[in-house]
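Quick notes on the structure that follows.
Taken together, the values in this text are just the output of simple stated rules run on the coordinates, not laboratory data. What you are looking at is a predicted structure, and each value in this text was computed from that prediction instead of being measured. Glycine gets a Cβ as well: all are built from the backbone with ideal geometry, and neighbour counts include every protein chain shown.
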Amino acid sequence: MELLDELEQRNQLHPTTDIISVTFSATKDLDAVFPAAIARSRPLWVNIPMLDVQEMHVEGSLKNCIRFLLHAYLPISASVCHIYLRHAVNLRPDWNLPHFLPHQN
Ligand SMILES: C=C(O[C@@H]1C=C(C(=O)O)C=C[C@H]1O)C(=O)O
């Protein structure tokens, strides 16, 4: 899955040591396969807990879209790169570039 290739490369994530869990949402028009099943076929992803849910349908919202929410261990100062591909880049133009998450104590 291109989305996860970009995620791993741009954030230098190692699946077995860094990733805690992943939730995928898919818009209602996507019904051919579970995104988690595709993700599980990636090298080293077999034991990551995952969940697929259907995205809430809002009239006029982006179609054919898979989103994910991933929890991972990262160095406290790591820059996080949020991945938006193709039409999804318009969802969060403010997150199209790497940025630092605020550090909270
Ligand atoms: C509009 C979006 O989709 C929905 C809205 C979100 C939001 O407002 O943060 C996040 C995920 C989606 O449930 C989006 O991904 O930006």
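Springs between alpha-carbon atoms under 10 Å, Gaussian network over the chain: tell me which of 86, 42, 67 tops the mean-square fluctuations.
86
Measuring from label point to label point, each 7 Å out along Cα→Cβ, what is the residue 76 to residue 21 span in nm?
The modelled label-to-label distance comes out at 2.5 nm.
Just to be sure I understand: of the beta bridges DSSP finds with both ends in the chain, what percent are antiparallel, rounded to 5? Before the final figure, lay out the partial values.
Working: 9 of 14 bridges.
Once the DSSP bridges in the chain are tallied, antiparallel ones form about 65 percent.
Given a Förster distance of 25 angstrom, what is the FRET efficiency for residue 95 paired with residue 32, based on the Cβ-Cβ distance and rounded to 0.05?
On the way: r = 28 Å, r/R0 = 1.10.
That pair, residue 95 with residue 32, gives E of 0.35.
Nothing charged except the Cβ atoms of Lys and Arg (+1) and of Asp and Glu (-1): what's the magnitude of the dipole of the stretch 2-98 about its Cα centre? Round to the nearest 20 debye. Provide the component values of the computation, followed by the final result.
Values: 8 positive and 11 negative charges, 10 e Å.
The dipole of the stretch 2-98 has a size of about 40 debye.
Using all C-alpha to C-alpha distances in the chain, build P(r) with 5 Å bins and read off the rounded percent in each one.
Each 5 Å bin holds this share of Cα pairs: 2, 11, 20, 24, 19, 15, 6, 2, 0.
At 222 nm, what helix-only mean residue ellipticity would the chain give, in deg cm²/dmol to the nearest 500, using -39500 (n - 2.57) for each DSSP H run of four or more?
Computed ellipticity for the chain at 222 nm equals -4500 deg cm²/dmol.
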